[in-house]
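Trainee: What follows is a single structure, and I will ask about it in a moment.
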Amino acid sequence: MRRNRRLAALSASLFLFLAACAQNAPQDTLEPKGPVARQIDHLINPVFIVAGLVFILVEGLVLTAIFKFRSKPGSPEPEQIHGNTRLEVGWTLAPALILLAVAVPTIATIFDLSKKPTNAINVTVIGHQFWWEYRYDDLGVVTANELRMPVGRPVELTLNSVDVIHSYWIPPLAGKTDVVPGRSNHMHLEADAAGEYLGQCTEFCGASHANMRAKAIAMAPADFDAWVAGQKAAAVTPAAGTPAADGAALFAQKGCAGCHTIEGVSTGMVGPNLTHLATRTTFAGSIFANNDSNLRTWLRNPQAAKPGNKMVIPGAPLTPDEITKLIAYLDTLR
Amino acid sequence: MAIVTPQRPEALAPEQTPSAPSRFLRRPTNTGVYGLWGWMTTVDHKKIGIMYSVTAFLFFLVGGMEALLLRIQLGSPDNTFLRADTYNQVFTMHGTTMIFLVIMPLSAGLANYLLPIMIGARDVAFPRINALGYWVFLAGGLFMYSSFFLGGAPNGGWFGYVPLTRNLPGHNIDFWVFGLQILGIASLTGAINLIVTVINMRAPGMSLMRMPIFVWMSLVAQFLLLFAIPVITVALFLLGFDRLFATNFFNVAAGSDPLLWQHLFWMFGHPEVYILILPAMGIVSEILPVFSRKPLFGYQVMVFSGIAIGFMGWGVWAHHMFATGLGPVAVSAFSASTMFIAVPTGVKIFNWISTMWKGKLSFPTPMLFAIGFVTMFTIGGLSGVTHGVVPADTQQTDTYYIVAHFHYVLFGGSMFGLFGGIYYWYPKFAGRLLDERLGKIHFWLMLLGFNLTFGPFHILGLQGMPRRIYTYPSGRGWDVWNLVSTIGSFVIALSILTFIINVIKNRKPQDVGDDPWDARTLEWTIPSPPPEYNFKEIPLVTSRDELWHRKYTEDENGRSVRRVVEAPASASTDIEPAADGEHSDEHGDEHAGDHAEEHEPHIHMPSPSYWPLLTALAMPVICYGMIYKTWAVAILGGLMEFGCLFAWALEPATAPEDLPQHEEHEAVPVS
C-alpha cells in the first residue's frame, strides 16, 4: 500500500526507479504518526493516484503521437483538422468532474480539521527568532523548543509570534500553521505512540531560519504527569562554594539574567526560560544536543554557532573558566 | 491603411518644431545614427525586442550562477560554502531575477519583436514609450544589482513578507522595494503599448479571431500586467514608506495585520504566474502546428481558455496563504478555485496533443522544446492540483515540493517555451538558423538536467525539507537527493553553455529565405531579418494562418495541397490574396520575391530619440536619493525626470530631417 502510494505520488518525477533509495526520513509527510496527519494522508493518497493516472495518460498520448505520426518519406500531407467540438467539450467536462470529486472530500476535511478537539491540552506556542516557546497555561509550565505531550490525547496549539512570521510544523503529526504576529492561529495534533517527532519552522524568518527546528516528544500519560510536576518545581539553588554557585553569580553579573527567566532568580523575557534547561534534550532552536561540549561551543560565541540569533554577551567574551562555571550551574537546572 | 493616421497638429510642422532641446542635444535621425549610438536611441520595435531578449538572457546567466551557488551550498548537509546571510541574499536575488529580469523581459522581448509583425503592422503604437520600457527595465535591474556592491543584496525573499522585510536592517530591502517599483514602470508602459498596438494596429482583415495565438496569449498577459502591477506598486509604496519614513502600515505593534501584505502581494503574484506562462503557451501553440503541418486544434477554445485563465487567475491568490489561518470558509473557496483553474489549462494540453495527432511530425529543435513544454508543464500542473487539496497543502507548502512544482511550471514551462521560441524565430531575427546538432544537444541536456535537478525536489519536499534553508543536518534522508539535484543543476549549466556556443558559432550569414520552416503566419512573409518598416505594403489578411492559406489549399479530403506548382523558395510567399482589390494597382513594383534594394519604398519611420534613455536613467537617481535619504540627489533626479519628459513632449515623433520631401507620405504612429 505504502509502496503504491509513493509510486503514485512520485510519478510526477521521472525518478520513480530511484524512489527505493529514500533513507529513513523523520520529517516524511507520507508516514503519519498521529490522527491529524493520517487524515491528511488518507485525503491525498487517492489524489496522487488520480494525478499519476492523468500523468500516464497525457505523457502516453504525447509519446504515441511522436512515434505514430512522425513524418515518413512520401507520407501525404495531413488532413487539416481544425477542431472537434464534441471532443473539446468532453475534455473540458472530464477534468471538471474529476476535480469536483476531489473538491468534495477536500472541503469536508478542511471543516473537519478546523474543529477544536475535545479533551485537549492547551499550549500556547510563541515564535521567536529563532526558537519556540511553549506555555502550558493550564498547567503552569513554560518551556522551549520541545513540545512535551501525552500519547493519545490531542494538543490544541494557540500560535503567536513576538517578531516576524514563523510557521509551526511537525510533519509526522500534522500540517503546518503560520505563526503570525498580532494574530492567534490554532492547530491541533496528537501522537499515536511515545517517541520524538521532528519538525521545523517553515516560514522564512531571517538569517537563521534554517536553524529554527522543532521537536515534539510524546510520552506515556504517567510520564507526562511526572514531567509536568518536575517542571513546576522551583529552580535549584546550588550550594555555596561549588562551581555551580559561581556560575549562578556569573549568570547575574554577565547579563544573562536580563534576557532569561529562571524562576526565583531572574525574569528576562527575550530568550528561553532556563528554569529546567537540563531536562531538555536539545537547545538553541533544537539544533544542538544538550550536552556540556555543545553548551561550551554556544557560550564561546553564540553568533558563530547560530548566525543572527538575538543572544549577545555584553562586554568581553566569556573566559573558558567562566564558561565552565556557567555550564556547571546550567547543569543543575533539572 | 492599418496605422491610424493622426491629425498632425500645426505645432509639429517642420518649420514650427520647437528646437530648444536640440540646441544642446541634437536629435539623432534615421539616416544619421549607427552603431552603439543607434541602439541607444532606437525606437524600432525589433531592435528593442532584441535588446530586451539579450539583456534578459544576460540576467538569466546571472540568475543561473546564483542557482549554482545555492545548489553547491545544499549539495551536502552542514555545508559551509555560503554563510547564512549570503545564502539568503542569493536565493532572494535568484527568485527576483528569474521572474522580473528574465522570464518577463524575455517574453516582452519576443512580444515586442513579433507582435507588430504578426498582426501586419510596421511598428508599435508608441515607439518611444517602447524604448522607455526597455531602458527602465535595464535601469531597474542594474539598480537592484548595484546593491551587491553597496552593502548587500536584498535578503527577504522574492515575496518580501512583512514584518520581516520591515525590520531587516541595512539598505538591502530598500533596493528590492525601489528596484521593483522601477521595473513596474517598465512593465506598465510595455503593457499599455502592446495592448494599444494589438487593438488598433492590426492589418486589414486581421480580425481578433484571426490573430496568431501567440498574439492572443501575449495580449492576455499584457492585460494581466496592466491590472496586477498597480497592486504590487501599492504594496511596495506602503512598505517603502514604512522603511523610509517609519509609517505604520505594517507595524504590528501599532495594530497592523501582516496578512495585508500577503493579500496584496499575491493578488499581484498569482496573476504574475500567468503573465509568465501565457506567452510561452502562445509560443508552443505557434510551433506545434508548423511542425505537425496541421492547424492548431480548437483555436477558439485555445483563445477562450487563455482568457479564462486570465480571469480565473485573479481568484486564486489566497492559495499561497493556506497555512496563514484564513479560516475554513475562505480556504474552501480558494481551494475550489485553485482546482478549477486546472480545467482551462488541461483543455490546452489536450488541444496541443490533438494538434500533433494525425499530423506529419518533424522534430527540429523548436519542436523538441515545444513538446518538452507540454510534457514538463503537465507535471507542474498536476502537482499544482495537489496543492489545491488544502489539508495536504499544509504538509506541502513552503517545502521543496512547492519548489519542484513552480520550477516545473516556470522552467519546464516558461523557459522551455521561450527557448523553443528563440530557436523557432532565430532565423527571422538573425537571418540564419541555429545549428540543429547543437540545438538538439542543448535540448536533451536541458531536459535531463532539468529533471535531475527538480524531480528530486518532489521527494525532498514530501520528506519534509523546507524551502529557504541555507543548511540542513544529515539524518533527515535528504542527503542523496540534494546531491543528485546539485549534479543536475550543472547539467543545466552545460546545456546553456551549448546554446551560447551555438549562437556564437553561427555568425556566418546564410540564405534562409523568408520562410525556412514552411510556417503559417505573417512574420514569415517578410525578409529575414525584416527591414525596418517590416512590410513594404501592409498585408491584407483573409484568413487565420494567412501565410499557409496563401501557400496551400485543401483538396476534397481536407488534405493541404500547394497552390502553385513550385515557386522559388524565397518567392513562395508572394501569392496575392484573392480578395486584394484596393492594393492591386501597386502590385507591379511590390514583387516581394526580389528583396534587392533597388529602391527603398517611401516609408518613413519614427525617428530615434535620446529621451527614453535619459528619462529612464533619471529613475535610479531618484531612488538612490530616496534610499540614502540624500534629498538633494532625489530632487535632482526628479528635476532630470521632469526635464526629460518635458523635452520628450515637445519632440515630434519624426525629426524634420526624416520627413520625406513630398506630401504623400505614410503616416507614422506617435508617442
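Trainee: Among the residues of the range B:427-442, write down those that are buried (at least 19 other Cβ atoms within 10 Å of the Cβ) and within 13 Å of B:ILE500 (Cα to Cα).
Mentor: Listed by number, the residues that qualify are B:LEU434, B:GLY439, B:HIS442.
Trainee: If I go through the range A:49-76 residue by residue, how many of them are among the charged types (D, E, K, R) and either assigned to a helix (DSSP H, G or I) or under 25 Å from B:MET209 (Cβ atoms) (or both)? Lay out the reasoning, then the answer.
Mentor: If we filter the range A:49-76 for residues that are among the charged types (D, E, K, R), which is where we start, we get A:59, A:68, A:70, A:72.
Filter once more, keeping what is either assigned to a helix (DSSP H, G or I) or under 25 Å from B:MET209 (Cβ atoms) (or both): A:59, A:68.
Total meeting the criteria: 2.
Trainee: Out of A:LEU139, A:LEU100, A:LEU159, report the one residue that is assigned to a helix (DSSP H, G or I) and either more than 9 Å from chain B (Cβ to nearest Cβ) or within 25 Å of A:ILE44 (Cβ to Cβ) (or both). Walk me through how you get there before you give the answer.
Mentor: Values: A:LEU139 fails: assigned to a helix (DSSP H, G or I); A:LEU159 fails: assigned to a helix (DSSP H, G or I).
On inspection, the qualifying residue turns out to be A:LEU100.
Trainee: Take the range B:458-486 and flag every residue that is part of a helix (DSSP H, G or I), free of Cβ contacts under 8 Å to residues at least 60 places away in the same chain and either surrounded by fewer than 23 Cβ atoms within 10 Å (Cβ to Cβ) or out of contact with any Phe, Trp or Tyr (no Cβ under 7 Å at 6 or more places or on another chain) (or both).
Mentor: Initially, the range B:458-486 is screened for residues part of a helix (DSSP H, G or I), giving B:458-462, B:479-486.
Those left that are additionally free of Cβ contacts under 8 Å to residues at least 60 places away in the same chain: B:459, B:480-481, B:484.
Selection gives B:VAL480, B:TRP481, B:VAL484.
Trainee: Yes or no: the range B:399-419 includes at least one residue that is within 14 Å of another protein chain (Cβ to nearest Cβ), touching a strand residue (DSSP E or B) at 6+ places or on another chain (Cβ under 9 Å), buried (at least 24 other Cβ atoms within 10 Å of the Cβ) and not aliphatic (A, V, I, L, M).
Mentor: yes
Trainee: State yes or no: is A:GLU146 in contact with a Ser or Thr (Cβ under 7 Å, 6 or more places away or on another chain), of a type outside the set (S, T, N, Q) and more than 9 Å from chain B (Cβ to nearest Cβ)? First the steps, then the outcome.
Mentor: On the way: in contact with a Ser or Thr (Cβ under 7 Å, 6 or more places away or on another chain): yes; of a type outside the set (S, T, N, Q): yes; more than 9 Å from chain B (Cβ to nearest Cβ): yes.
So A:GLU146 fits the description; yes.
Trainee: Okay, moving on. What's the number of the only condition in (1) under 23 Å from the mean Cα position of the chain (by Cα); (2) buried (at least 24 other Cβ atoms within 10 Å of the Cβ); (3) under 30 Å from A:PRO172 (Cβ atoms) that B:PRO391 fails to meet?
Mentor: Every condition holds for B:PRO391 apart from (1).
Trainee: If you don't mind, there's one more thing I want to ask. For B:GLY455, state whether it is assigned to a helix (DSSP H, G or I), under 25 Å from B:GLY372 (Cβ atoms), within 8 Å of another protein chain (Cβ to nearest Cβ) and in contact with a helix residue (DSSP H, G or I) (Cβ under 8 Å, 6 or more places away or on another chain).
Mentor: Working: assigned to a helix (DSSP H, G or I): yes; under 25 Å from B:GLY372 (Cβ atoms): yes; within 8 Å of another protein chain (Cβ to nearest Cβ): yes; in contact with a helix residue (DSSP H, G or I) (Cβ under 8 Å, 6 or more places away or on another chain): yes.
So B:GLY455 fits the description; yes.
Trainee: From the list B:LEU238, B:LEU183, which one is away from chain A (no Cβ under 14 Å), modelled with pLDDT of 95 or more and under 21 Å from the mean Cα position of the chain (by Cα)?
Mentor: Working: B:LEU238 fails: under 21 Å from the mean Cα position of the chain (by Cα).
Every option except B:LEU183 fails the conditions.
Trainee: If we scan the range A:216-239, do we find a residue that is away from chain B (no Cβ under 14 Å), surrounded by 24 or more Cβ atoms within 10 Å (Cβ to Cβ), more than 12 Å from the chain's Cα centre (by Cα) and assigned to a loop (DSSP other than H, G, I, E, B)? It would help to see each step written out before you state the result.
Mentor: Here is the first cut: in the range A:216-239, the residues away from chain B (no Cβ under 14 Å) are A:217-239.
In the following step, the residues that additionally are surrounded by 24 or more Cβ atoms within 10 Å (Cβ to Cβ) were identified as A:218.
Right, trim to more than 12 Å from the chain's Cα centre (by Cα) and you get A:218.
The next check asks that each one be assigned to a loop (DSSP other than H, G, I, E, B); those that pass are none.
No.
Trainee: I would also like to ask the following. For the range B:302-332, name all the residues that are crowded, with 23+ Cβ neighbours inside 10 Å, closer than 18 Å to A:THR109 by Cα and more than 8 Å from chain A (Cβ to nearest Cβ).
Mentor: Hit for the range B:302-332 is B:PHE322, nothing else.
Trainee: Report whether or not B:PHE499 is more than 20 Å from B:PRO366 (Cβ to Cβ) and under 24 Å from the mean Cα position of the chain (by Cα).
Mentor: On the way: more than 20 Å from B:PRO366 (Cβ to Cβ): no; under 24 Å from the mean Cα position of the chain (by Cα): yes.
For B:PHE499, the condition - more than 20 Å from B:PRO366 (Cβ to Cβ) and under 24 Å from the mean Cα position of the chain (by Cα) - is not met.
Trainee: With respect to the numbered conditions (1) modelled with pLDDT under 95; (2) in contact with a Pro (Cβ under 8 Å, 6 or more places away or on another chain), which one is the sole condition not fulfilled by A:ARG334?
Mentor: (2)
Trainee: A further question follows. Any chance you could count how many residues in the range B:524-542 are acidic (Asp, Glu) and under 17 Å from B:PRO127 (Cα atoms)? Even if it seems obvious, please write down each step before you answer.
Mentor: Narrowing the range B:524-542 to residues acidic (Asp, Glu): B:532, B:537.
Restricting the remaining residues to those that are under 17 Å from B:PRO127 (Cα atoms) gives B:532.
The qualifying residues number 1.
Residue-by-condition table, conditions (1) more than 13 Å from A:TYR329 (Cβ to Cβ); (2) assigned to a loop (DSSP other than H, G, I, E, B); (3) within 27 Å of the chain's Cα centre (by Cα):
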| residue | (1), (2), (3) |
| --- | --- |
| A:ALA244 | no, no, no |
| A:ALA249 | no, no, no |
| A:GLY264 | yes, yes, no |
| A:MET269 | yes, yes, yes |
| A:ASN294 | yes, no, yes |
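Trainee: Would you pick out the residues in the range B:308-329 that are small (Gly, Ala, Ser) and over 27 Å from B:LEU226 (Cβ atoms)?
Mentor: B:ALA323, B:GLY325, B:GLY327
Trainee: If you don't mind, there's one more thing I want to ask. Run down B:THR41, B:THR92 and say which single residue is buried (at least 19 other Cβ atoms within 10 Å of the Cβ), modelled with pLDDT of 95 or more and touching a Pro at 6+ places or on another chain (Cβ under 7 Å). Can you show your working first?
Mentor: Numbers: B:THR41 fails: modelled with pLDDT of 95 or more.
Going through B:THR41, B:THR92 in turn, the sole match is B:THR92.
Trainee: Within the range B:333-368, can you find the residues that are of a type in the set (Ser, Thr, Tyr), within 10 Å of another protein chain (Cβ to nearest Cβ) and buried (at least 20 other Cβ atoms within 10 Å of the Cβ)?
Mentor: Of everything in the range B:333-368, those that are of a type in the set (Ser, Thr, Tyr), within 10 Å of another protein chain (Cβ to nearest Cβ) and buried (at least 20 other Cβ atoms within 10 Å of the Cβ) turn out to be B:SER335, B:THR338, B:THR345, B:SER354, B:THR355.
Trainee: Can you tell which of A:TRP91, A:TRP132 is surrounded by 14 or more Cβ atoms within 10 Å (Cβ to Cβ), part of a strand (DSSP E or B) and in contact with a Gly (Cβ under 8 Å, 6 or more places away or on another chain)?
Mentor: Working: A:TRP91 fails: part of a strand (DSSP E or B).
Just a single option satisfies the conditions, and that option is A:TRP132.
Trainee: Is it the case, given these coordinates, that B:GLY298 is at the interface with another protein chain (Cβ under 7 Å from one of its Cβ atoms) and within 30 Å of B:TRP357 (Cα to Cα)? Don't jump to the end; show me each part of the working.
Mentor: Numbers: at the interface with another protein chain (Cβ under 7 Å from one of its Cβ atoms): yes; within 30 Å of B:TRP357 (Cα to Cα): yes.
Taking the combined requirement at face value, the residue satisfies it.
The values are calculated or read from the model by the stated rules, or taken from the named source; none is laboratory data. Predicted model only: the values in this text are computed from it and were never measured. Note that we place each Cβ from the backbone using ideal geometry, even for glycine, and neighbour counts take in every protein chain shown.
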